[in-house]
Ligand code: ADP
């Protein structure tokens, strides 16, 4: 079974990494799909976000990292997947994700949206929190994968 894990990943955090690591166990192939989402005014370009994810995961046969634009439902169909997996943090994620899941079901009735509960250690963690801390020169150790920490700081920290 192919699963698609979509998101902005601006940048990838240990919360995303936790979902990726656990999701890959329940499928044959996980496609990490970086949405361009220009409306969100991302700090990192799509290419930079993909590089940070690839740098974190290394070369793996069971994970593919790519970008997508347009409707998620169309992308999922194109890659031959039947389901997407989303991470769920607090109640605030639920309302938005519930709406997206129902809209996608309406667009593509054969596509399922699965939810994986965050690990308790990462329930407070978001890319926007990481950006805010890094921009102000704070310590992001433990929040993003260690191998990308310097790169994220370099890009965001004020000098
Ligand atoms: P954000 O910008 O809010 O950090 P993304 O749009 O990159 O998130 O999120 C992609 C997916 O990863 C979403 O399903 C989101 O709920 C999930 N996710 C983000 N952070 C976490 C976390 N700390 N724990 C579990 N899931 C998460």
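At-a-glance table
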{"quantity": "Test result for residue 92, on the phi < 0 side of the Ramachandran plot and either more than 16 Å from the chain's Cα centre (by Cα) or modelled with pLDDT of 95 or more (or both)", "calculated": "yes"}
{"quantity": "When residues of region 34-54 are limited to those that are in contact with a helix residue (DSSP H, G or I) (Cβ under 6 Å, 6 or more places away or on another chain) and in contact (Cβ under 8 Å) with a residue 40 or more places away in the chain, the one surrounded by the fewest Cβ atoms within 10 Å (Cβ to Cβ)", "calculated": "43"}
{"quantity": "Subset tally (residues that are under 19 Å from residue 51 (Cα atoms) and touching a residue at least 12 places away in the same chain (Cβ under 8 Å)) for region 141-156", "calculated": "10"}
{"quantity": "Qualifying position, being in contact (Cβ under 8 Å) with a residue 12 or more places away in the chain, touching a strand residue (DSSP E or B) at 6+ places or on another chain (Cβ under 9 Å) and farther than 26 Å from residue 132 by Cα, among 26, 19", "calculated": "26"}
{"quantity": "Test: residue 76 is more than 10 Å from the ligand (Cβ to nearest atom), at pLDDT 95 or above and under 15 Å from residue 6 (Cα atoms)", "calculated": "yes"}
{"quantity": "Some residue of region 11-21 being surrounded by fewer than 21 Cβ atoms within 10 Å (Cβ to Cβ), modelled with pLDDT of 95 or more and more than 11 Å from the ligand (Cβ to nearest atom)", "calculated": "yes"}
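Each row is one residue, and each column tells you yes or no for (1) surrounded by 15 or more Cβ atoms within 10 Å (Cβ to Cβ); (2) out of contact with any strand residue (DSSP E or B) (no Cβ under 8 Å at 6 or more places or on another chain); (3) over 23 Å from residue 13 (Cα atoms).
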site: 98; (1), (2), (3): no, yes, no
site: 106; (1), (2), (3): no, yes, yes
site: 112; (1), (2), (3): yes, no, yes
site: 137; (1), (2), (3): no, yes, no
site: 141; (1), (2), (3): no, yes, no
site: 144; (1), (2), (3): yes, yes, no
site: 149; (1), (2), (3): yes, no, no
site: 156; (1), (2), (3): yes, yes, no
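The values are calculated or read from the model by the stated rules, or taken from the named source; none is laboratory data. These numbers were taken from a predicted model, which means no experiment stands behind them. Positions of Cβ are generated from backbone atoms using ideal geometry, with glycine treated the same way; all protein chains shown enter the neighbour counts.
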